[in-house]
Amino acid sequence: GAVVSQHPSWVICKSGTSVKIECRSLDFQATTMFWYRQFPKQSLMLMATSNEGSKATYEQGVEKDKFLINHASLTLSTLTVTSAHPEDSSFYICSARATDTEAFFGQGTRLTVV
Amino acid sequence: ILNVEQSPQSLHVQEGDSTNFTCSFPSSNFYALHWYRWETAKSPEALFVMTLNGDEKKKGRISATLNTKEGYSYLYIKGSQPEDSATYLCAFASGGNEKLTFGTGTRLTIIP
């Protein structure tokens with residue numbers, strides 16, 4: 001299957017700082033990328049959907065000014081958690097797909113805000 | 001809010017035994033049901049995408065069935081092996097195939 005690379009795999013940051021997570025499709029052009037968040041013992045929850053070259057569509061309850069998503073190229077999307085707080089500590093994972101194909105997941109990023 | 005439930009949350013199975021678990025989802029506005037296997041520290045791996053009521057799919061020792069009218073899918077593993085240890089996720093798609101609603105997963109541990 002296709003490969004999606006997500007970095008970093010884990011990150012610890014201080015409260016009030018910003019953290020950027022990258023999601024890259026290594027061997028295909030990702031027209032659509034999805035960002036999910038998973039809190040302990042809960043399911044993967046979709047945060048936003050981004051199409052290359054256009055603004056991301058955020059799910060209800062997800063603050064677009066706090067979770068900045070950029071999908072500037074067909075192989076890279078970034079999620080920036082701005083002014084992170086301890087309650088933003090979670091597991092973040094991306095998936096990417098080409099047009100009319102299934103989506104492939106990255107490995108995920110464990111964010112801890114201290 | 002769409003409700004996708006998986007049961008059991010976890011189970012331990014002796015190597016060589018067969019097992020199965022359930023995913024239940026809304027029976028209205030069905031589009032597709034996805035199954036993933038997620039090993040620790042790896043990416044979720046797609047197992048099946050099921051779209052038709054009565055669908056049965058098979059991949060090696062793993063198979064899945066789908067009942068869209070009553071809103072459930074079963075995943076079966078025959079002759080469990082240690083490498084089958086993982087969390088198995090199902091995800092429901094309604095309307096178009098764009099957004100997936102995930103269950104919390106079934107964590108399977110195979111006991112050698």
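The values are calculated or read from the model by the stated rules, or taken from the named source; none is laboratory data. The structure presented is a predicted model; accordingly, all values stated were derived computationally and were not measured. Cβ: placed from backbone, ideal geometry, glycine included. Neighbour counts: every protein chain shown.
Residues checked against (1) out of contact with any Ser or Thr (no Cβ under 9 Å at 6 or more places or on another chain); (2) modelled with pLDDT of 95 or more; (3) within 16 Å of A:Thr17 (Cα to Cα):
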position: A:Thr57; (1), (2), (3): no, no, no
position: A:Val62; (1), (2), (3): yes, yes, no
position: A:His71; (1), (2), (3): no, no, no
position: A:Leu74; (1), (2), (3): no, no, no
position: A:Ser89; (1), (2), (3): no, yes, yes
position: A:Ala98; (1), (2), (3): no, no, no
position: A:Thr109; (1), (2), (3): no, yes, no
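From the residues in the range A:83-106 that are crowded, with 22+ Cβ neighbours inside 10 Å and under 11 Å from the mean Cα position of the chain (by Cα), which one is nearest to the other protein chains (Cβ to nearest Cβ)? By that ranking, first place goes to A:Phe105.
For B:Lys42, state whether it is of a type in the set (Lys, Arg), over 15 Å from the mean Cα position of the chain (by Cα) and either within 14 Å of chain A (Cβ to nearest Cβ) or within 18 Å of A:Phe34 (Cβ to Cβ) (or both). Here the answer is yes, as B:Lys42 does meet what is asked.
Residues that are within 14 Å of another protein chain (Cβ to nearest Cβ), among the β-branched types (Val, Ile, Thr) and in contact (Cβ under 8 Å) with a residue 60 or more places away in the chain within the range A:16-74 comprise A:Thr31, A:Thr32, listed in sequence order.
Summed over the range B:7-36, the residues that are of a type in the set (Phe, Trp, Tyr) and not in a strand (DSSP E or B) give a count of 1. Residues of the range A:30-52 that are of a type in the set (A, V, I, L, M, F, W, C) and either assigned to a strand (DSSP E or B) or surrounded by fewer than 20 Cβ atoms within 10 Å (Cβ to Cβ) (or both): A:Met33, A:Phe34, A:Trp35, A:Phe39, A:Met45, A:Leu46, A:Met47, A:Ala48. Listed by first and then second residue, the pairs linking a residue in the range B:1-26 that is of a type in the set (Gly, Ala, Ser) to a residue that is not in a strand (DSSP E or B), with Cβ atoms under 6 Å apart and 6 or more places separating them unless they lie on different chains, are B:Gly16/B:Gly79; B:Ser18/B:Lys78; B:Ser24/B:Gly71. Of the residues A:Thr80, A:Thr109, which is under 15 Å from the mean Cα position of the chain (by Cα), among the polar types (S, T, N, Q) and more than 14 Å from chain B (Cβ to nearest Cβ)? It is A:Thr80.
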